[in-house]
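Peer 1: Quick one: the structure is below, questions incoming.
Derivation of every value follows stated rules applied to the coordinates shown; laboratory data play no part. Since we're looking at a predicted model, the values are computed, not measured. Positions of Cβ are backbone-derived with ideal geometry, glycine not excepted, and every protein chain shown enters the neighbour counts.
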Amino acid sequence: MKLKSLLLSLLFVPIVCVGQHVIKGKFLPSGEYEIALLYKVEPTHSNYITNAPIAADGSFEIPLDSTVTKGMYRITYAVPQEEYNFDVIYNEEEDVELKFNSETGVEFLASRENKLLESYTNSMLMITNSISNYYRDKNEAKDTLALASIFKTQRETQHGFQEASKGTIASHFIKANSPFIPETSVDVATYVKGLKTHYFDHVDFNNEVLQRSKFLTERMLNYVFGMSSNNGNEEADYKRNIEVFSDRMKGAPDEVKKSLFTDLWEQMVDLKLESVANFIAENYLMDLSVKLNDQQLLQALLLYQNTSIGMKAPDFSIEISEEKETTKTLLSKLDSAENYIVAFWSSSCSHCLKEIPELHKFTETLEEGKLQVIAIGLEDDPYGWKTLTYDFPNFLHVYGEGKWDNEIGNNYGVTATPTYFILNKNKEITAKPEDFEGLKSFFETEEPSDKEDK
């Protein structure tokens with residue numbers, strides 16, 4: 001009996017040692033996703049851990065062995081990974097089970113920490129909606145006792161979740177999210193001012209748990225975009241809010257600052273808010289990229305700034321053939337039109353083969369001297385391009401050797417064809433339409449004012 005007991009105990013020990021937890025669940029609607037990738041989130045980057053296939057019914061399971069330590073993890077389920085992902089807390093003590101729906105987001109079915117944070121978020125959202133509804137209701141007499149009661153509920157809810165989450169990873173987020181809560185009923189202007197003033201009171205930018213999540217980025221974006229004065233000058237509001245945000249995270253590590261400001265800069269670029277994007281670059285990001293020797297970021301900031309509306313277009317050489325004579329000049333030296341279009345295209349680009357002929361036809365409808373197109377063919381082979389250029393005699397043609405490694409294209413930040421830049425007679429960039437229809441619309445809306453001037 002003793003020998004049998006010893007053998008059983010020896011067999012049991014390895015099972016304990018290799019025991020592991022899992023992250024599992026379902027992606028819905030089923031059949032729309034193929035793979036789930038797991039990353040461990042660090043303050044300024046994410047490290048790939050493993051992946052698991054998503055079955056036809058949407059189910060997946062990711063085993064977590066002893067090398068997967070507690071912390072914040074990110075599950076990516078589509079491309080681009082920066083957009084299609086969600087965060088998960090793993091504490092080395094429990095399995096995580098979830099359900100993800102493309103319409104409603106993630107719902108946690110197992111894992112006390114994740115369910116606790118989810119419950120907190122939902123509870124506070126319901127209270128926030130009640131406050132919003134109270135201030136939005138302008139037709140009924142205000143019941144100040146009702147508002148005071150809502151604030152009391154909010155205060156008790158915040159305190160209750162902070163107590164319940166002590167010692168957990170979730171507690172860092174619950175504490176940092178603690179909102180401004182008035183002691184008594186206040187008018188909407190006082191409430192909004194309080195929200196703005198105290199927005200970052202409980203946010204510790206040096207907290208590595210917060211750094212290893214989306215929290216700081218989301219907090220920053222909500223403040224910059226959400227705390228506007230509705231005075232009709234959004235860009236000025238954004239800049240003021242960015243200054244406040246920068247001041248509040250003054251003591252944060254430079255790497256964290258760079259990461260957050262880069263996220264914000266990219267948001268402004270995507271929204272085509274060039275003046276705000278360049279404000280971030282000039283006041284914060286350029287200095288940080290130099291300090292941290294991030295030459296790639298610095299070059300991206302400078303390139304974007306140099307090709308922003310209002311800037312002089314980057315210069316390049318142009319060969320002009322007239323009869324049997326060819327002369328060389330520069331874009332900056334051209335003096336043949338009121339407006340210029342720098343059009344990047346390629347003979348192997350199907351969209352270009354549709355839009356470039358339309359652009360050529362459009363130029364023929366304008367009076368002489370109104371518009372000159374400089375068409376830059378980004379090519380690997382000159383022969384097919386050269387043949388096509390004869391179809392567009394009104395254009396000045398430039399051969400962009402090297403295609404995506406061409407110097408002119410690189411100086412304009414071109415990553416796709418066709419790409420258009422509209423310049424005035426001084427070669428300043430006045431518009432960057434996304435397609436031919438946008439380009440055409442620019443000149444059609446400009447036309448009436450031109451006629452009035454004449």
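Peer 1: What length, rounded to one decimal in nm, is gained on full extension from residue 123 through to residue 156, with 0.36 nm per residue of separation minus their alpha-carbon distance?
Peer 2: Extra length available between residue 123 and residue 156 comes to 10.8 nm.
Peer 1: Step through the residues of region 296-309 one at a time and calculate ³J(HN,Hα) from phi using the Karplus curve (6.51 cos²θ - 1.76 cosθ + 1.60, θ = phi - 60°), rounding each to whole Hz and writing x for Gly and Pro.
Peer 2: Residue by residue, region 296-309 yields 5, 5, 4, 5, 5, 5, 5, 4, 5, 4, 5, 10, 7, 4 Hz.
Peer 1: Against the empirical 2.2 N^0.38 Å scaling, what ratio does the C-alpha Rg of the chain come to?
Peer 2: Details: Rg = 29.2 Å, N = 454, 2.2 N^0.38 = 22.5 Å.
For the chain, the normalised Cα radius of gyration comes out at 1.30.
Peer 1: What does the charge count near residue 171 come to, summing +1 for each Lys or Arg and -1 for each Asp or Glu among other residues with Cβ under 13 Å from its Cβ? If you can, show how the numbers build up before the last one.
Peer 2: Details: positive: 112, 166, 175; negative: 113, 163, 204.
Result for the neighbourhood of residue 171: 0.
Peer 1: Sticking with the crude label model, points 7 Å out along Cα→Cβ, report the distance from residue 389 to residue 57 in nm, one decimal please.
Peer 2: Calculated label separation equals 6.3 nm.
Peer 1: Could you pull out every one of the lysines with an alpha carbon less than 23 Å from that of residue 328, ignoring same-chain neighbours closer than 8 positions?
Peer 2: 312, 370, 386, 403, 425, 427
Peer 1: Taking the chain as the reference, fit the longest principal axis to its C-alpha atoms, fit the long axis of helix 112-136 to the helix C-alpha atoms, and give the angle between the two in degrees, 0 to 90, nearest 10.
Peer 2: Helix 112-136 sits roughly 70 degrees off the main axis of the chain.
Peer 1: Which FRET efficiency value, to the nearest 0.05, is calculated for residue 42 and residue 222 with the Förster distance at 22 angstrom and r the Cβ-Cβ distance? Let's see the in-between values first.
Peer 2: Working: r = 23 Å, r/R0 = 1.04.
Step by step, r from the Cβ atoms, then E = 0.45.
Peer 1: Just to confirm the filter: which chymotrypsin sites (Phe, Trp or Tyr not before Pro) across region 78-151 are DSSP coil and have at most 14 other Cβ within 10 angstrom of their Cβ? Walk me through the numbers before you get to the answer.
Peer 2: Working: sites: 84, 86, 90, 100, 108, 120, 134, 135, 151; in loops: 84.
Passing both the DSSP loop test and the Cβ count: 84.
Peer 1: Sort all Cα-Cα distances of region 20-110 into consecutive 10 angstrom bins from zero, then give the percent of pairs in each bin up to the one containing the longest distance.
Peer 2: 17, 55, 26, 2
Peer 1: Mind giving me the FRET efficiency for residue 201 and residue 235? R0 is 25 Å, r the Cβ-Cβ distance, nearest 0.05 is fine. Kindly include the intermediate steps, with their values, before the conclusion.
Peer 2: Details: r = 27 Å, r/R0 = 1.07.
In this case the efficiency is close to 0.40.
Peer 1: Here is a follow-up. Between residue 329 and residue 166, what length in nm is gained on full extension when 0.36 nm per residue of separation is reduced by their alpha carbon distance? Display every interim value, and only then the final one.
Peer 2: On the way: separation 163, 0.36 × 163 = 58.68 nm, distance 7.09 nm.
Stretched fully, the residue 329-residue 166 segment lengthens by 51.6 nm.
Peer 1: Let me ask another. What is the distance, in nm, between label points placed 7 Å from the Cα along the Cα-to-Cβ direction at residue 106 and at residue 244?
Peer 2: 3.0 nm
Peer 1: Using the scaling law 2.2 N^0.38 Å as the reference, what is the normalised Cα Rg of region 317-453? It would help to have the intermediate numbers written out before the result.
Peer 2: Working: Rg = 14.5 Å, N = 137, 2.2 N^0.38 = 14.3 Å.
With N residues counted in region 317-453, Rg over 2.2 N^0.38 Å equals 1.01.
Peer 1: If you don't mind, another one. Please work out how much length the chain gains when fully extended from residue 336 to residue 82, using 0.36 nm per residue of separation minus the C-alpha to C-alpha distance, in nm with one decimal. Mind dumping the intermediate values first?
Peer 2: On the way: separation 254, 0.36 × 254 = 91.44 nm, distance 4.53 nm.
Fully extending the segment from residue 336 to residue 82 adds 86.9 nm.
Peer 1: Now, a different point. Which FRET efficiency value, to the nearest 0.05, is calculated for residue 271 and residue 445 with the Förster distance at 25 angstrom and r the Cβ-Cβ distance?
Peer 2: 0.70
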